[in-house]
Amino acid sequence: MKKRSQHTEGQSIRTSLFALLYVSLGFASVLAQTNYKVINVTDGGIITGRVVFAGTPRPEGNLEITKDMKHCGVVKSSGRLLLSKDGGVRNAVISIEEINQGKKFAEYVKPVLDQRKCEYLPHVQVLPFGTTLEIVNSDEILHNVHAYAGGQDMRSVFNIAQPIKGQKTTIKQAQLAQPGLLYLSCDAGHPWMTAYILLAEHPYYCVTQPDGSFE
């Protein structure tokens, strides 16, 4: 791992495997900051690395489809741990802890969560807290997105249904105003549909590529 930044010197890096169901729900407490300050960064650097699974992973198996089989198929891969041929971990979230000032978030195209072929796409994404999110149904069947805040109480954050293909719903900034982890599931008879959204307070986060690499 290369480490070339005055702003990250001595700070720890956390890898959180959102590809593993429920493993990272406690991670929301790491984001319980309220004092991040945007400053002019002129001497920033780059941290690069790769997340690799050590050991032999358990067989993932398939998830049985019990509803809308004509559209969704009969089985689906769980997708909870996605590895490249040489063990690179996809969909791990990399973060720098204890950041209280630094660069601003990059300009975002309006983030989208799509429901396509009975799956949430993307499975994992990191967004600045207080953003808006567009949810789209690209399927010809009823879908639902129920978002829960991470933690023991699993507090409901929003719950929307979309019965029409092409339907779009905008989740407002007020609903995404609290930093932390959201776990998404479908209440419309598609329990295999899951996704994660990390609402980050600072921009020092990224999601690993299919080969496990990050920058």
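Averaging Cα coordinates gives a centre for the range 89-110 and one for the range 123-186; these two points are 20 Å apart. A crude spin-label estimate for the pair Lys70 and Thr169, with each label 7 Å from Cα along the Cβ direction, gives 2.5 nm. Listed by chain and number, the lysines whose C-alpha is less than 20 Å from the C-alpha of Lys67, apart from same-chain residues fewer than 8 away, are Lys76, Lys117, Lys165. What the Cβ-Cβ distance of Asp187 and Lys110 gives, at R0 = 25 Å and to the nearest 0.05, is a FRET efficiency of 0.50. Distances between placed amide hydrogens fall under 5 Å for Leu113 paired with Glu134, Ile135, Val136, all partners being 5 or more residues away or on another chain. Relative to the Cα centre, the charge distribution of the range 96-215, modelled as +1 at Lys and Arg Cβ and -1 at Asp and Glu Cβ, gives a dipole magnitude of about 380 debye.
Between Ala92, Cys206, Val74, the Cα set farthest toward the positive side of the dipole of the range 62-215 (charges on each charged residue's Cβ, about the Cα centre) is that of Val74.
Taking amide H atoms as placed 1.01 Å from N in the peptide plane, the amide H of Met193 lies under 5 Å from those of Cys186, each 5 or more residues away in sequence or on another chain. Counting only residues at least eight positions apart within a chain, or on another chain, the aspartates and glutamates with an alpha carbon under 20 Å from that of Lys172 are Glu107, Asp114, Glu134, Glu201. What is the range 40-156 by shape, rounded, prolate or oblate, if you read a ≥ b ≥ c off the alpha carbon gyration tensor as root eigenvalues and call it rounded for a/c under 1.5, prolate for a/b larger than b/c, and oblate otherwise? It is oblate, given that a/c is not under 1.5 and a/b is not larger than b/c. Please report the orientation-averaged projected area of the range 58-99, defined via the convex hull of its C-alpha atoms, in nm². Mean shadow area of the hull around the Cα atoms is 5.4 nm². Backbone phi angles across the range 97-102, fed through the Karplus curve with coefficients 6.51, -1.76 and 1.60 (θ = phi - 60°), yield HN-Hα couplings of 8, 6, 8, 10, 7, x Hz in residue order; Gly and Pro are listed as x. In order along the range 41-58, the phi-based Karplus estimate (6.51 cos²θ - 1.76 cosθ + 1.60, θ = phi - 60°) of 3J(HN,Hα) comes to 9, 10, 10, x, x, 10, 10, 10, x, 8, 9, 10, 6, 9, x, 9, x, 5 Hz; Gly and Pro are listed as x.
Put a plus charge on the Cβ of each Lys and Arg, a minus charge on the Cβ of each Asp and Glu, and nothing anywhere else: the dipole of the range 152-215 about its Cα centre is then about 360 debye. For Val41 and Ile160, a Förster radius of 35 Å and the Cβ-Cβ distance give a FRET efficiency of 0.40, rounded to the nearest 0.05.
Scalar couplings 3J(HN,Hα) for the range 124-140, obtained by applying the Karplus form with A = 6.51, B = -1.76, C = 1.60 to θ = phi - 60°, are 9, 8, 10, 10, x, 5, x, 7, 9, 9, 9, 10, 10, 9, 9, 9, 9 Hz; x denotes Gly and Pro. Charged side chains reduced to their Cβ positions (Lys and Arg at +1, Asp and Glu at -1) give the range 28-153 a dipole of some 220 debye around its Cα centre.
Under 5 Å between amide hydrogens, built in the peptide plane, is the criterion, and for Val75 it picks out Ile65 among residues at least 5 positions away or on other chains.
Readers should treat all values here as calculations from the given coordinates under stated rules, not as data from a laboratory. Just so you know, these numbers come straight off a predicted model, no measurement behind them. Because the Cβ atoms are built from the backbone with ideal geometry, glycine has one as well, and the counts that use them run over all protein chains shown.
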